[in-house]
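Colleague: I'd like to ask some things about the structure below.
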Amino acid sequence: REYLVTNAHVVAGASTIRASLGGDVLDATPVLFDPVLDVAVLHVPGLDGQLLRFAAADPERGDQGVVLGFAGGSTMVVLPAAVSGAYPATGRDIYDGTRVTRDILELRAAIEPGDSGGPLILEDGTVGGLVFAESRTDDTIGYALTPTVVATRIAPAIGRTGAVFEALVPAILE
């Protein structure tokens, strides 16, 4: 409880971060910021939402669920989604400074800007991925980081309450 997982690019450069759930707007502190994987964990004191668990294994082609997102910064939308593939993808970190290979899922879902950081919820209710991008060439395709990689990366941040931006920014720029 009191933690949110999102993409690092969603909060990058922000001097103030707030989270909203059920109408309450709460201050959030980044306790993990990974610009290479593109993952951030926010500590949000007073957040009382439903606890979501990551899937123990990565979803496979054909697995179905929904993506929860906030396209264009609007209210939450629920999009039907299906996994159409899984593979390592080479791209750039969020600052376009380093080449990185990430394990990703290709989703058959109408992902739009603003849906980044939202979960892929599988039929069993677990988080099957963390949405990070939409296709530039096909508006029915989106991409998510795999749940096993994200869960492993964020585990050390759960329980932290202190901000990490100050410590990370100099290391990123070196």
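The values are calculated or read from the model by the stated rules, or taken from the named source; none is laboratory data. In this text, all values refer to a predicted model and were calculated from it rather than measured experimentally. Neighbour counts run over all protein chains shown; Cβ positions are idealised from the backbone, glycine included. These accessible areas exclude ligands, DNA and RNA; they are computed on the full protein's heavy atoms, side chains included. Shrake-Rupley method; radii C 1.70, N 1.55, O 1.52, S 1.80 Å.
Colleague: Note down the relative contact order for the chain as a percent, whole number, built from C-alpha pairs under 8 angstrom at least six residues apart.
Modeller: Numbers: 402 pairs, mean separation 39.5, N = 174.
The normalised contact order for the chain reaches 23 percent.
Colleague: Tell me, what % of the accessible area of the chain is carbon and sulfur with a 1.4 angstrom probe? Please list the in-between numbers first.
Modeller: On the way: 4900 of 9390 Å².
Here carbon and sulfur together make up 52 percent of the probe-accessible area.
Colleague: Which order do the peptides 56-63, 147-154 come out in when sorted by mean C-beta neighbours inside 10 angstrom, highest first? Could you put the intermediate results ahead of the total?
Modeller: Details: 56-63: 14.0, 147-154: 18.4.
Descending packing order for the listed peptides: 147-154, 56-63.
Colleague: Shifting gears a bit: Provide the three semi-axes, in whole Å and in decreasing order, of the ellipsoid equivalent to segment 104-159 as defined by the square roots of 5 times the Cα gyration tensor eigenvalues. Spell out each step's value before the answer.
Modeller: On the way: eigenvalues 96, 29, 17 Å².
Ellipsoid half-lengths, sorted descending, are 22, 12, 9 Å.
Colleague: Which of rounded, prolate, oblate describes segment 52-127, given a ≥ b ≥ c as roots of the alpha-carbon gyration tensor eigenvalues and a/c under 1.5 marking rounded, otherwise prolate only if a/b is larger than b/c?
Modeller: Numbers: a/c = 1.90, a/b = 1.17, b/c = 1.63.
Since a/c reaches 1.5 but b/c is at least a/b, the shape of segment 52-127 is classed as oblate.
Colleague: Highest mean first, what order results for 101-110, 6-15 on Cβ atoms within 10 Å? Could the numbers behind the result be given before it?
Modeller: Working: 101-110: 20.3, 6-15: 16.3.
Going by the mean number of other Cβ atoms within 10 Å, highest first, we get 101-110, 6-15.
Colleague: Where is the GNM fluctuation largest for the chain (alpha-carbon springs, 10 angstrom cutoff): ILE111, ILE94, ILE121?
Modeller: Residue with maximal mean-square fluctuation among ILE111, ILE94, ILE121: ILE94.
Colleague: If you wrap a convex hull around the alpha carbons of segment 11-101, what volume per residue comes out, as a whole number of Å³? Show your work: numbers first, answer last.
Modeller: Numbers: hull volume 13.5 nm³, N = 91.
It is 148 Å³ per residue.
Colleague: Classify segment 7-46 as rounded, prolate or oblate, taking a ≥ b ≥ c as the square roots of the eigenvalues of its Cα gyration tensor: rounded when a/c is under 1.5, otherwise prolate if a/b is larger than b/c and oblate if not.
Modeller: On the way: a/c = 2.26, a/b = 2.08, b/c = 1.09.
Prolate, because a/c is 1.5 or more and a/b exceeds b/c.
Colleague: With a 10 Å radius around each residue's Cβ, average the other Cβ atoms per peptide and rank 29-42, 69-82, 132-145, highest first.
Modeller: Highest to lowest by the protection proxy: 29-42, 132-145, 69-82.
Colleague: Evaluated at 4 °C with a viscosity of 1.567 mPa s, what Stokes-Einstein diffusion coefficient in µm²/s does the chain have when Rh comes from the Kirkwood expression over alpha-carbon pairs? The partial results should precede the final answer.
Modeller: Values: Rh = 16.3 Å.
For the chosen part, D equals 79 µm²/s.
Colleague: Identify which of SER84, SER20, SER116 has the largest mean-square fluctuation in a Gaussian network model of the chain, with springs joining Cα atoms closer than 10 Å.
Modeller: SER20
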